[in-house]
1. At a probe radius of 1.4 Å, what is the per-residue accessible area of Ile405, in Å² to the nearest 10?
2. Could you sort 144-153, 318-327, 343-352 so that the peptide with the highest average Cβ count within 10 Å comes first and the rest follow in order?
3. To the nearest 10 Å², what's Lys337's accessible area with a 1.4 Å probe?
4. May I ask you to rank Trp119, Trp340 by accessible area, largest first, using a 1.4 Å probe over the protein chains only?
5. Along its principal axes, what span do the Cα atoms of the stretch 66-171 show, with the longest given first and each in whole Å?
6. Taking only protein heavy atoms and a 1.4 Å probe, what accessible area per residue, in Å², does the stretch 127-238 have with all protein chains in place?
7. Of Lys282/Lys392; Lys328/Lys423; Lys196/Lys392; Lys81/Lys135; Lys122/Lys196, which ones are farther than 27 Å apart at the Cα?
8. Highest mean first, what order results for 171-180, 386-395 on Cβ atoms within 10 Å?
Amino acid sequence: MGVWKREITIALLSLPAIAIAGFLSGHLLPLLLAATLIFLFRQIQQISRFEYWIGRGGKGDYPNTKGIWEDIYYHVYRLKKSEKRRKKKLRKLLEQFREFTGALPDAAVILGQDDVIEWANKAALKVLGLQPGDKGQRIPNLIRYPEFVRYLKSRDYRDGIILPSPVNGQITLAVRIVSYGAGLRLLLAQDVTQLKQMERMRKDFVANVSHELRTPLTVLKGYLETLQDMDDGSSPLLAGSLEQMRGQTERMQHLVDDLLMLTRLETQQRRTVCVDVPALLKQICNERGMVENSAGRLELVLASVANLDGDEQELRSAFTNLVGNALKYSSADSVVKVRWFEEGGTVVFEVEDRGIGIAPEDIPRVTERFYRADSLHGRKIPGTGLGLAIVKHVLMRHDGRLNIISELGKGSCFSCHFPPNRKCD
């Protein structure tokens, strides 16, 4: 601001001097015009020098000048120096980012508008088969798996997908897309080949062991029943022992059956038919001996006549597990409500009880295999711990979802929601 004051002061002092000289010489207007032209010429000269210096990128020292233009040059020079420091810092950060992403074992690809590849790390070149020259190409033109293309177009990236590597079919990739910024997305691909192999080995092991246990358990159960029939009641200890052995044998048989059911759900193709759900629910609710003391405790409400396109045996297993759990985890004199209705286009199967309820921290885990929330409440209720895991798998195979609302001491409500495209005639 001081320079501006000086420039204004010089201009104001120059005007009286020019006016006096003009009056004395009788040429006031020519002198004012000449002074104005000299001032304009000086400014044009300074602008020209400034434009030449800026045109060269402001490199080197700025021209030697005085007055306001010296301040202008100085401020621009400082801005250029500051910009240079910022660029240097950004360049360093960019190099560190490239080193970091280059060292990542997972593939990373930045996608811009219209699924165009903006950048890819070294791992992406290795497992996705991308080339350095593929920048600017649309990724669906390079990775043409139908499942991947559908996932990319869906814009619903909450869950990832599993697909083989385009480079090597023996490599299994877990692909996930994360949206960020203005229309940008980050595609991540992780090699999960070993995990999938271990999971396959586990499934095969469980299936084989469960299958092999079935025969000896059947034989053992048969002999125990024969021994019980032969028992004349003379030895209470023998009778009690045989009953306990029979109970544990049945428990192991139920466990094996549930494990085999889970294996089938994970490995076999679903056989879909149009399932008459109202009739199926009537059969389930009229079954005898589902749970001890269950007679008269089920209240069935069929508010919809909708049928489902699916596997009848799988749906029966899921619905039976939910109804059986509600009966087991509630008192012998309480009523369990079973409902089949439509809500907002979806079809819902709902089971509500007034039982012991589930703690909030247990709800996310109750569909895990062998997780038993009842043990935390000091109750030992017979079961395999696989029922809700079976329900979860059945719903996944029928595009459904499980919703659980529960409160300790007040009961639980399990509802299975099926999308409209699952309804059939």
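1. Per-residue accessible area (Ile405): approximately 110 Å².
2. With the highest mean Cβ count within 10 Å placed first, the list reads 318-327, 343-352, 144-153.
3. 90
4. Heavy-atom accessible area, descending, gives Trp119, Trp340.
5. For the stretch 66-171, the Cα extents along the three principal axes come out at 73, 28, 28 Å.
6. That works out to 68 Å² for each residue.
7. Cα-Cα > 27 Å for Lys328/Lys423; Lys81/Lys135; rest within.
8. Per-residue Cβ counts within 10 Å, averaged per peptide and sorted highest first, yield 386-395, 171-180.
The values are calculated or read from the model by the stated rules, or taken from the named source; none is laboratory data. Here the structure is a predicted model, which means the values were calculated and not measured. Because the Cβ atoms are built from the backbone with ideal geometry, glycine has one as well, and the counts that use them run over all protein chains shown. The protein model used for the area step is the full one, side chains on, heavy atoms only, and it has no ligands, DNA or RNA in it. Shrake-Rupley method; radii C 1.70, N 1.55, O 1.52, S 1.80 Å.
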